[in-house]
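Q: The structure's right below; bear with me while I get my questions together.
Bear in mind these aren't lab numbers, they're just calculated from the coordinates by the rules spelled out. Everything quoted here is computed from the prediction, not taken from an experiment.
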Amino acid sequence: MSAFPLNHIVESQQFDRPLLETVFRTADQMKADLAGEHRFAKALDGCIMASLFYEPSTRTRFSFESAMLRLGGSVITTENAREFSSAAKGESLADSTRIMNGYADVIVMRHNEAGSAARAAEISRIPVINAGDGAGQHPTQALLDLYTIADAFAGIDGLKIAMVGDLRYGRTVRSLAYLLSKYENVEIVFVSPPVCRMEGDIKAYLEKNQVPWREETNLDRVTPEADCIYMTRIQKERFHDPEDYQAAAGRYILTPQRVKTMKPDAIIMHPLPRVDEIPKDVDDDPRARYFEQAQNGLYIRMALLYLLLSK
């Protein structure tokens, strides 16, 4: 195996198309391994992952910890580092990072401040993986999202992706937009209330990379034409103004009636957790891929840990 070129994973912009293909091939190997091959069961024997989460998490934290354990490594963790670590006593992120360098071989970090993972990576001797930094980025979620799309369509070139909901504060859609720019003839439709529009830096990046995009406020215009509808929840915890939240909450619900207008081979995705934006009635539709999407997080995170630590 050729050496993995990254020392840290902090943002989606680090990945070009060949590197994405390397990650996806490795994820395929991990998926096959869990299905019965068991070639990687002790691949990271003796390695320790520090799971440092300053914000609540279920899927990301557990999938990372499961990934490390399935590769034969070990995990040290705290459920909420803001409350149950020295951060509660005022310890800086830089000091916490330096301390973890003496305890672990890799740090998986979720933090409430955008840019926190990049700051930690600047001073860390061991790999840092960004598991979500405020309203900044969530690169491993974007990787598993892209992997899910590629699996559903046997490729990504030429697809139309609709991102729906909280695009202003949604780090998952920001990260995914960066990765989609690596493919040919992809079009992105941003569907959101005015208070949740995608930020200008992403739009400028897409324009620089000649990725066509447009904005819509009417979901019904988009459901018949999109190959993938990527729903997100309105993140109440990110809003500073309660009136802005009330203006956005409940605006976009992918009802069974709307699903009927979708293409037969289109897919529905969601980074989860959901609130009311996808009713449970939709779960049994073959186009609903969000639980498969979550499962793919295990394979992608196994691949990333393996690529980073087995160099």
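Q: Summing -39500 (n - 2.57) over the DSSP H runs of n ≥ 4 in the chain and dividing by its residue number, what mean residue ellipticity at 222 nm do you reach, to the nearest 500 deg cm²/dmol?
A: That calculation yields -11000 deg cm²/dmol at 222 nm.
Q: Write down the Kirkwood hydrodynamic radius of region 139-291, to one decimal in angstroms, obtained as one divided by the mean of 1/r over all alpha carbon pairs.
A: Taking every pair of different Cα atoms in region 139-291, averaging 1/r and inverting gives 15.4 Å.
Q: May I ask for the angle, rounded to the nearest 10°, between helix 171-180 and the longest principal axis of the chain, with both axes built from Cα atoms and the value confined to 0 to 90°?
A: Compared with the principal axis, the helix lies near 80 degrees.
Q: Also: Of the beta bridges DSSP finds with both residues in the chain, what % are antiparallel, to the nearest 5?
A: About 0 percent, rounded to the nearest 5.
Q: Which semi-axis lengths, in whole Å and largest first, follow from the square roots of five times the eigenvalues of the Cα gyration tensor of the chain?
A: 31, 23, 18
Q: Just the number, please: percent antiparallel of the DSSP beta bridges in region 139-291, rounded to the nearest 5.
A: Taking every DSSP beta bridge with both residues in region 139-291, the antiparallel ones total about 0 percent.
Q: What angle, in degrees between 0 and 90 and rounded to the nearest 10, separates the Cα long axis of helix 139-153 from the longest principal axis of the Cα atoms of the chain?
A: 50 degrees
Q: Convex hull over the Cα atoms of region 100-139, averaged projected area in nm²?
A: That works out to 2.5 nm², a quarter of the Cα hull's surface.
Q: Just check region 100-203 against the gyration tensor rule for me: Cα atoms, a ≥ b ≥ c as the square roots of the eigenvalues, rounded for a/c under 1.5, and otherwise prolate or oblate depending on whether a/b exceeds b/c.
A: Oblate shape, in that a/c is at least 1.5 and b/c is the bigger or equal ratio.
Q: Follow-up. On C-alpha positions alone, give me the angle between the axis of helix 290-309 and the longest principal axis of the chain, in degrees, nearest 10.
A: 30 degrees
Q: Using only Cα atoms, locate the centre of region 16-62 and the centre of region 156-201, then give the distance between them in Å, rounded to an integer.
A: What the calculation gives is 25 Å, centre to centre.
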